[in-house]
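Peer 1: This is the structure I want to talk about, given as structure tokens.
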Amino acid sequence: MAGAETETRQAIAGLRLLVAAAAFAPAPAAAGAWIAPEGGQNILTSTLVDHEETVTYEGSGYYEAPVREDTSLVLAPWVETNPELVTGWRAEATAGVKHVFYRTDENVMALQAGALWVSMPDAGCGEGGAEVRWLGGSSFNEGRAFLNVEAAARALSGGCEGGRLDVTAGYRPRENWLAMGQVFLDSPVEGHDTVRAQLTLVRFNNEGTGLQIGVRARLDGEDLEPALVIGLWRRGRD
């Protein structure tokens with residue numbers, strides 16, 4: 001019995017870490033399929049991107065507050081400063097509700113829907129709209145590894161449409177360490193389609209604070225746009 005209890009505790013601890021792990025994407029931050037633990041979850045990231053002639057800055061946030069065991073509120077703002085833009089910056093944000101509709105010990109699926117705001121929409125489209133997102137996650141190896149897949153459809157008033165596909169694989173070599181590999185396919189409601197890949201490490205302390213460092217690059221053009229990603233994570237406890 002002692003061995004079984006130990007394995008159960010390890011699996012639960014691993015799933016708690018995966019809840020925090022499944023909530024990071026480069027810009028803007030996106031939710032993971034798992035509901036955040038009690039006390040919520042906050043992630044702040046800063047990204048420096050090296051273009052051919054300029055360096056741009058991206059800042060994003062992810063805030064999730066559970067309201068029930070299977071439902072949470074999510075807010076995800078994002079901003080970019082870029083001297084090549086007419087205004088020098090652009091931003092967007094989503095605010096919505098995430099609901100888990102299927103869950104087993106290893107698998108979870110959720111739907112998220114909410115409002116979308118974009119500061120620089122294409123001509124003829126408004127700044128306001130909506131986003132609907134499907135999220136699916138699976139954990140493996142007693143909670144040490146996970147795979148999270150998300151597909152989002154986005155639309156602004158006036159007819160601008162876009163979508164995203166995010167794939168994240170993670171592994172926890174030790175209790176407080178997390179390694180992730182991610183691929184992001186983005187067809188934005190404004191701007192050009194992109195494909196990006198990212199590798200990242202997160203180190204958590206005993207209080208649930210994590211320091212993240214990672215690298216990112218584009219895979220769809222001649223300019224790799226290498227980027228340095230630094231993040232600060234705070235997660236609640238069950």
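The values are calculated or read from the model by the stated rules, or taken from the named source; none is laboratory data. These numbers come from a predicted model, not from an experiment. Please note: Cβ atoms are built from the backbone with ideal geometry, for glycine as well, and neighbour counts cover all protein chains shown.
Peer 1: Just wondering, is there one or more residues in segment 195-218 that are over 18 Å from the mean Cα position of the chain (by Cα), of a type in the set (A, V, I, L, M) and closer than 25 Å to GLU53 by Cα?
Peer 2: No, there is no match, as no residue in segment 195-218 is over 18 Å from the mean Cα position of the chain (by Cα), of a type in the set (A, V, I, L, M) and closer than 25 Å to GLU53 by Cα.
Peer 1: Which members of segment 81-101 meet the condition of being farther than 17 Å from SER60 by Cα and surrounded by 12 or more Cβ atoms within 10 Å (Cβ to Cβ)?
Peer 2: Residues satisfying the conditions are LEU85, VAL97, LYS98, HIS99, VAL100.
Peer 1: If you don't mind, another one. Take the residues in segment 142-184 that are of a type in the set (Asp, Glu) and surrounded by 14 or more Cβ atoms within 10 Å (Cβ to Cβ), then tell me which one is nearest to ALA115 (Cα to Cα).
Peer 2: GLU150
Peer 1: Does THR87 meet the test of being at pLDDT below 95, hydroxyl-bearing (Ser, Thr, Tyr) and not in a loop (DSSP other than H, G, I, E, B)?
Peer 2: no
Peer 1: Of all residues being touching an Asp or Glu at 6+ places or on another chain (Cβ under 9 Å) and small (Gly, Ala, Ser) in segment 82-125, which is nearest to GLU225 (Cα to Cα)? Just the residue, please.
Peer 2: Looking at residues that are touching an Asp or Glu at 6+ places or on another chain (Cβ under 9 Å) and small (Gly, Ala, Ser), I get ALA91.
Peer 1: Taking the condition of being in a strand (DSSP E or B) and within 21 Å of VAL229 (Cβ to Cβ), how many residues in segment 185-210 meet it?
Peer 2: Summing the residues that are in a strand (DSSP E or B) and within 21 Å of VAL229 (Cβ to Cβ) in segment 185-210 gives 15.
Peer 1: Which residue out of SER187, SER139 is in contact with a helix residue (DSSP H, G or I) (Cβ under 8 Å, 6 or more places away or on another chain) and among the polar types (S, T, N, Q)?
Peer 2: It is SER139.
Peer 1: What are the pairs, 6+ residues apart or on separate chains, where a residue within segment 47-71 that is over 27 Å from LEU111 (Cβ atoms) has its Cβ under 7 Å from a residue that is exposed (fewer than 13 other Cβ atoms within 10 Å of the Cβ) and not basic (Lys, Arg)?
Peer 2: LEU48/VAL55; VAL49/VAL55; HIS51/ASP223; GLU52/ASP223; THR54/PRO83; THR54/GLU84
Peer 1: Here's another thing I want to ask about it. Just need a number here: residues in segment 41-74 that are surrounded by 14 or more Cβ atoms within 10 Å (Cβ to Cβ) and either touching a Pro at 6+ places or on another chain (Cβ under 6 Å) or more than 20 Å from ILE230 (Cα to Cα) (or both).
Peer 2: 9
Peer 1: Additional query: Listed residues SER139, SER187; which is in contact with a strand residue (DSSP E or B) (Cβ under 6 Å, 6 or more places away or on another chain), surrounded by 20 or more Cβ atoms within 10 Å (Cβ to Cβ) and among the polar types (S, T, N, Q)?
Peer 2: Only one candidate passes the filter, namely SER139.
Peer 1: Test GLU161 against the criterion of being closer than 28 Å to ARG235 by Cα and of a type in the set (Asp, Glu), and give yes or no.
Peer 2: no
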